[in-house]
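Some notes on the structure that comes next.
Each reported figure results from applying straightforward, stated rules to the coordinates on display, with no laboratory input. Keep in mind the model is a prediction, meaning the values are calculated, not measured. Backbone-built Cβ (ideal geometry, glycine too); neighbour counts: all protein chains shown.
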Amino acid sequence: MRALLLGGAGFIGLHLARRLVHDGHRVTIVDDFSRGRDDRDLAGLRDRPNVEIISGDLTHPATWAALPRGFDQTYLLAAVVGVRNVESDPARVVRVNSLAALHLLDWIDADTRLFFASTSEVYAGGVDLGIVPVPTAEDVPVVVADPRAPRFSYAISKLLGEAAVVHTARAKGFPAVVGRFHNVYGPRMGADHVIPELSLRALRGEDPFRVYGADQHRAFCHVDDAVEAMVRLMAVPPTGETEIVHIGNDAEETNIGDLAKLVLRTAGVDPRLDPAPAPAGAVARRCPDLSRLRALTGYEPAVTLEEGVRRTFDWYREFWPR
């Protein structure tokens, strides 16, 4: 099987690439390396005979014109993500995420199956408004509570992508899956997400230890489980309609205060905790209903939060500069 990973040098992309290569598939990675890292982890794939790495900007038509064809599966994982990016340059978030998706849909043909990486943020506005239940299924209303809020730029870009994929797949006749990721974490995800950020501050010996939004609740999903869900979804026989499926871990829901304590125990430190308000616009609670994912694939999350935090912390302790 030949797989094209757009954004394949990024966080989820690299873990997926490793899995597909391990399973014996041929993998082509395309990345502009604005967020994806050309590091030791990518170097571990670069010399494999079944891996090709292409540097290219997916917002430029020339990149698409130069790409090979003949892929069995295509994964669009490239996106501008992260609260800091969303708040500092929301126009870039909308532009890059939308153009990458729209150029892909112009380029793609009916001979490949598409996975489009979406997000739980598409319905976060409904949770805030109290019209969406938690745990949350795929059939809830998707709501942008305030398009003027910078934080919603990411949700808006992914909503556009979802709609574009669903309707273009029907028009062109290719099978597609939209996977809405829910708080996926793990090694090599950068420093702008809660578990790496907590881990790095613990490693630096911060005391008192600031905990933002300690009373907010999340259900975190280790990247190995997310990759397993993706692989299983792409192996399900197509039905003729695009499947929109939540990907996450509903087995363990925690609040951020308890997560911080878990990270600190893993680090072997015991600073004084200093609770602080959550970032503006952060949803109070997030947990997916995984009934559809289970029915389609038989998926069950395998990595506990304690084990996943330990693996993530160990990676940042060894490889991330402090």
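Observations
- Evaluated with a Cβ-only charge set (Lys, Arg +1; Asp, Glu -1), the chain carries a dipole of roughly 420 debye about its Cα centre, given to the nearest 20.
- Among the GluC sites (Glu not before Pro) in region 210-247, those located in a DSSP loop and surrounded by at most 16 other Cβ atoms within 10 Å of their own Cβ are E241.
- Annotation: the antiparallel percentage among DSSP beta bridges lying fully within the chain is about 5.
- Dipole axis of region 66-164 (+1 Lys, Arg; -1 Asp, Glu on Cβ), positive-most option in L159, V83, F115: V83
- Annotation: the antiparallel percentage among DSSP beta bridges lying fully within region 176-322 is about 15.
- FRET efficiency estimate (nearest 0.05) - Cβ-Cβ, E241 to R265, R0 41 angstrom: 0.35
- 5 angstrom amide H check on R180, placed H, neighbours 5+ away: S118, V245, H246, I247
- For region 282-322, a simple Cβ point-charge model (Lys and Arg +1, Asp and Glu -1, everything else neutral) yields a dipole of about 180 debye relative to the Cα centre.
- For region 42-134, size of Cβ-based charge dipole, Lys and Arg +1, Asp and Glu -1, in debye: 140 debye
- Globularity index of region 145-292, i.e. its alpha-carbon radius of gyration over 2.2 N^0.38 Å: 1.24
- Couplings 3J(HN,Hα) for region 62-73, derived from phi with the Karplus relation 6.51 cos²θ - 1.76 cosθ + 1.60 (θ = phi - 60°), are 4, 4, 5, 4, 8, 6, x, 10, x, 8, 7, 9 Hz, where x marks Gly and Pro.
- Taking each residue as 0.36 nm, the span from F33 to D215 lengthens on full extension beyond its C-alpha to C-alpha distance by 62.0 nm.
- Compactness ratio for the chain: Cα radius of gyration over 2.2 N^0.38 Å (N = residue count) comes to 0.97.
- Sorted peptide list for 16-29, 141-154, criterion being average Cβ within 10 angstrom, highest first: 16-29, 141-154
- Proximal charge balance of D111 [Cβ under 14 Å; K/R count +1, D/E count -1]: +2
- Region 55-75 versus region 148-208: alpha-carbon centroid distance in Å: 21 Å
- Highest to lowest packing among 45-56, 180-191, 160-171, scored as the average C-beta count within 10 Å: 180-191, 160-171, 45-56
- For trypsin sites (Lys or Arg not before Pro), the sites in region 211-275 that DSSP calls loop and that have at most 12 other Cβ atoms within 10 Å are R272.
- Approximating the spin labels as points 7 Å out from Cα along Cα→Cβ, the E306-to-A149 distance works out to 3.5 nm.
- Amide hydrogen proximity for D57: with H placed 1.01 Å from N in the peptide plane, no residue at 5 or more positions away or on another chain lies under 5 Å.
- An oblate overall shape is assigned to region 26-119, the ratio a/c of its alpha-carbon gyration tensor axes (a ≥ b ≥ c) being 1.5 or greater and a/b not exceeding b/c.
- Computed helical MRE - 222 nm, the chain, DSSP H runs ≥ 4 contributing -39500 (n - 2.57), nearest 500: -12500 deg cm²/dmol
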